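The values are calculated or read from the model by the stated rules, or taken from the named source; none is laboratory data. For clarity, every value in this text was computed on a predicted model and none was experimentally measured. Every residue, glycine as well, gets a Cβ built from its backbone with ideal geometry; the counts of neighbours run over all protein chains shown. When the accessible area is computed, the model is the full protein with side chains, heavy atoms only, and any ligands, DNA or RNA have been set aside. Shrake-Rupley method; radii C 1.70, N 1.55, O 1.52, S 1.80 Å.
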Amino acid sequence: MPIDDLVDAYCACWADMDSEQRLVRLTTVFAENGFYHDPTVQISGLKAFEKHIASVVTQRPGSIIERTTGIDLHHNTARFGWNLKLADGKKLPEGIDIIWLDESEEKITGILGFFGPLKPIER
């Protein structure tokens, strides 16, 4: 699967309200023993990650994650910008994810997420 399709399929998992369907979708893009870390949580394993997504989706029903940048990829590691768009159309500050891929670049083995834009250097 091309990297753009893989990342977009991953982002779509954050909009799926059905837990069983979300787990099926997540299984196609995320490794069973993968990890997910962001400022609020550190998770290991596919099922734990699905439960985390479920808790976020429950708090923000109708929201979607939109990829806002192209994807930079090298050595099975990629980065991309994203933004959370709420059901009412309001967008929260952009974030960035760094992802690690398996050898075939078919599944995500790890995700490190940051919230908000990069901070400029104050001189």
### Query
Do any residues in the stretch 100-123 that are farther than 14 Å from residue 79 by Cα have Cβ atoms under 7 Å from those of residues that are small (Gly, Ala, Ser) and open to solvent by less than 50 Å² (accessible area, probe 1.4 Å), where the two are at least six apart or on different chains, and which pairs are they?
102/31; 107/31; 116/95
### Task
Being in a strand (DSSP E or B) and open to solvent by less than 40 Å² (accessible area, probe 1.4 Å) is the filter here, so list the residues in the stretch 56-67 that pass it.
65
#### Entry: Single residue of 34, 113 found to be touching a Gly at 6+ places or on another chain (Cβ under 7 Å), surrounded by fewer than 17 Cβ atoms within 10 Å (Cβ to Cβ), part of a strand (DSSP E or B) and at pLDDT 95 or above
113
## Note on the structure
Only one of (1) more than 15 Å from residue 7 (Cα to Cα); (2) at pLDDT 95 or above; (3) open to solvent by 50 Å² or more (accessible area, probe 1.4 Å) does not apply to residue 50, and that is (3)
### Query
Applying the selection to the stretch 1-31, what residues are polar (S, T, N, Q) and either out of contact with any helix residue (DSSP H, G or I) (no Cβ under 7 Å at 6 or more places or on another chain) or open to solvent by less than 10 Å² (accessible area, probe 1.4 Å) (or both)?
21
### Task
Output yes when any residue across the stretch 68-82 is modelled with pLDDT under 95, surrounded by 16 or more Cβ atoms within 10 Å (Cβ to Cβ) and not in a helix (DSSP H, G or I), and no when none is.
no
#### Entry: Of residues in the stretch 89-110 being surrounded by fewer than 16 Cβ atoms within 10 Å (Cβ to Cβ) and assigned to a strand (DSSP E or B), the one modelled with the lowest pLDDT
91
